[in-house]
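Following: one structure in structure tokens, then a few remarks.
Nothing in this text is a laboratory measurement; each read-out follows from the coordinates by a stated rule. Computed from a predicted model, the values in this text were never measured in an experiment. Neighbour counts run over all protein chains shown; Cβ positions are idealised from the backbone, glycine included.
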Amino acid sequence: MLKLIGLNKQNDSGQALVEFALTLWMYILITFFIIDFGWVSYQRISFEYGYMHSSWSVSAADLGDTDALEEVPSTAVYAGAVVSDVLFDVLSRSSLGIIGGNVTIADANAVLYNQADSYNVPGRTPGNPVQAISRTRYMDLTADFSYVIQPLTPIGSLFLGNDITVEKELTCTRVVRTQHRSE
């Protein structure tokens, strides 16, 4: 009877090793999936932030526009590499971790135009309003952004795909400069 108890103890000692070997692959699979999911999520959030920041930060001076708001109407159109290079620079500076070679900016256009509005302000003598003019320079900015995210491990590629493409369409109108004058 003592021999049978001793044999059972020897057989039980290998059981832990077998269970570890059977569950190790699942642990590695889950760990790599968490790493890749975190990487893809970080890349996507970083791209989204850079996209928003680029729509806020592009100025008329970045495009080479020097309109003094003297003429209404006045229009300037910028397209192609002039606009996309400025958008790419702002996106790259504002987003940590963005891989520049995976960013594509297409159909980038910026239209700057002046618009005048007139209104009355109180004059020096009561009851005699004075006409004032407000001139505003607007910028209509449009572009198509595309960013390709690649998972870090083969496990991420298996579950998420080799390339995850995030696309954004930029369409915004911004005030560049305003000037108020009373006659």
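In region 99-138, which trypsin sites (Lys or Arg not before Pro) are in a loop and have at most 16 other Cβ atoms within 10 Å, using DSSP for the loop call? Here the sparse-neighbourhood loop sites are Arg124. In the chain, the calculated helix contribution to ellipticity at 222 nm averages -15500 deg cm²/dmol per residue, counting -39,500 (n - 2.57) for every DSSP H run with n ≥ 4. Here region 60-136 was treated as a single set of alpha-carbon atoms; its pair distances binned every 5 Å from 0 give 3, 12, 16, 14, 11, 11, 9, 7, 6, 4, 4, 2, 1 percent.
Against the empirical curve 2.2 N^0.38 Å, the C-alpha radius of gyration of region 105-161 lands at a ratio of 2.58. Under a 5 Å amide H cut-off, with hydrogens placed 1.01 Å from N, Ser74 pairs with Asn114 among residues at least 5 apart or on other chains. Note: relative contact order over region 69-116, using C-alpha pairs below 8 Å and six or more positions apart, is 66 percent. Derived scalar couplings between HN and Hα for region 172-179 equal 8, 10, 10, 8, 8, 7, 9, 9 Hz in order, rounded to whole Hz, by the Karplus curve 6.51 cos²θ - 1.76 cosθ + 1.60 (θ = phi - 60°), x for Gly and Pro. Contact order for region 82-183, expressed relative to its length and based on alpha carbon pairs under 8 Å spaced 6+ residues apart, stands at 28 percent.
Taking all Cα pairs closer than 8 Å and separated by 6 or more residues, the relative contact order of the chain comes to 22 percent. Per-residue Karplus couplings for region 32-45, computed as 6.51 cos²θ - 1.76 cosθ + 1.60 with θ equal to phi - 60°, are listed in order as 5, 5, 5, 4, 5, 4, x, 4, 5, 5, 4, 4, 5, 5 Hz, Gly and Pro entered as x. Shape descriptor for the chain: Rg over Rh equals 1.43 (Cα atoms; Rh from the Kirkwood inverse mean 1/r).
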